[in-house]
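Have a look at the structure below before the remarks.
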Amino acid sequence: MASLDFENARERGISGARDFMAFDSVNGSIKVNEKATVARMKMAMDAALTTTANVGFPIALFQFLNPEVVEILFSPNNASRLFPERKVGDWTTEFMQFPVEEIAGGVNPYSDYDPAVSTDVNYNFPVRENFRFQTAIKYGDLEVEKATVAKIALVARKQRAAAYNIAKASNTFYLRGVQGKAVYGLLNDPNLNEVITPYPVGGKSTWAGKIEDNPSGSANIVFADISKLVGELMSKAGGHVDQNAPFKLGISNTMASFLTYANTYGKTAKEMIAENYPNMEIVTIPELSTVSGEELYLTVTEVDGISVGDTAFSEKLRMSRVIPETTSFKQKAMSGTYGAVIKQPAFIARMTGIA
């Protein structure tokens, strides 16, 4: 067998070494062909390359897809922190009524022959309507398969989104009711007392304005307005409420930071509230930033064992059957609400104008 030299190797498409080593089958030795140079080998490679020179690999191969889904956050649903949620009836219920009892009459001096002054009770039956509302989700076969590749449980996420939208709507109805229905909110119930305004200082009533003129007394300014609100509720409550009552103070997230302002003695408004009203709970409700200004909302949990109000629903969340189409599915989510049912509006006080 003839020895394989450099030229024969090139004809057979073999190249790539600086010095080509050939095997002599006769003598059984390896010969080095000094004619193989880098330039000649490069020319051979260029002549053989018919595709575009590689400049890297697809960037998608070097991406890590995090399975954790980052959710876009919206304002919290805190209306039910002011008034507890309560289930009333079910989704077939059209209206709810609750009896309101008022005691009437009095006493007079005893006499064997006097029939005495009458004592009686009077009842009213306020009505609230059950408002049903709904949303729907849809998903297709290809859509679900593609989401699976992206490691997303699409159907479950859409069902969760429907539940979220139902909860968000419920919170809105608890706050503002439903226009045109006998469904009222804790901000617009027709039986609520009139709002009051803050103490004016130097012609200013907003917290920012008053604190600007007196920064060292910032905590005192804020606490004074909250104390005025407590006094308003106590005056309407007819002696049923004192400073140890289980108050709930609603304030927007925009104004909540003012509660941390300190006076010259290092006391914050929040600390002064805790000292003077030990059972007051502060609840942040973004919706108290209204078009008419910032609002403070004060109530108590219950009076004589009866709740002041409830955020009432007939159905919290009801998922309907899944309806198949040719290559897709759809499903409804439903709920029912009565809004905020205010039973004892005398134990609610509000203030606007702090901003």
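The values are calculated or read from the model by the stated rules, or taken from the named source; none is laboratory data. Quick caveat: nothing in here was measured; it's all calculated off a predicted structure. Methodologically, a virtual Cβ is constructed for each residue, glycine included, from the backbone with ideal geometry; neighbour enumeration extends over all protein chains shown.
Observations on the model:
- Residues of region 78-116 that are surrounded by fewer than 10 Cβ atoms within 10 Å (Cβ to Cβ) and of a type in the set (A, V, I, L, M): Ile103, Ala104, Val107.
- Qualifying residue in region 278-301 (condition: over 29 Å from the mean Cα position of the chain (by Cα) and in the same structural domain as Phe133 (by TED's automatic domain parsing)): no
- Summed over region 257-270, the residues that are surrounded by fewer than 16 Cβ atoms within 10 Å (Cβ to Cβ) and either among the aromatic types (Phe, Trp, Tyr) or under 20 Å from Leu186 (Cα atoms) (or both) give a count of 1.
- One residue stands out among those in region 187-211 that are of a type in the set (A, V, I, L, M) and in a strand (DSSP E or B): the one that is modelled with the highest pLDDT, which is Ile196.
- Being more than 32 Å from the chain's Cα centre (by Cα) and at pLDDT 95 or above is a property that Gly231 has.
- One residue alone among Arg160, Arg176 is of a type in the set (Lys, Arg) and either in contact with a Cys (Cβ under 7 Å, 6 or more places away or on another chain) or under 22 Å from Ile348 (Cα atoms) (or both), and that residue is Arg176.
- Within region 241-269, being within 22 Å of Thr206 (Cα to Cα), in a loop (DSSP other than H, G, I, E, B) and touching a Ser or Thr at 6+ places or on another chain (Cβ under 7 Å) holds for Ser252, Asn253, Thr254, Tyr261, Asn263, Thr264.
- Selection of first residues in region 80-95 that are in the same structural domain as Ile282 (by TED's automatic domain parsing) and closer than 15 Å to Asp310 by Cβ and of second residues that are among the β-branched types (Val, Ile, Thr) and exposed (fewer than 13 other Cβ atoms within 10 Å of the Cβ), restricted to Cβ pairs under 9 Å at least 6 apart or on distinct chains, gives an empty result.
- Evaluation of Ala224 against the conditions (1) in contact with a Leu (Cβ under 6 Å, 6 or more places away or on another chain); (2) assigned to a helix (DSSP H, G or I) shows that the sole unmet condition is (1).
- Some residue of region 140-151 being at pLDDT 95 or above, closer than 30 Å to Gln331 by Cβ and assigned to a strand (DSSP E or B): yes
- Residue under evaluation Ser218, criteria (1) buried (at least 18 other Cβ atoms within 10 Å of the Cβ); (2) under 27 Å from the mean Cα position of the chain (by Cα), criterion not met: (2)
- Condition check for Val308: within 30 Å of Met334 (Cα to Cα) and either surrounded by 17 or more Cβ atoms within 10 Å (Cβ to Cβ) or under 20 Å from the mean Cα position of the chain (by Cα) (or both): yes
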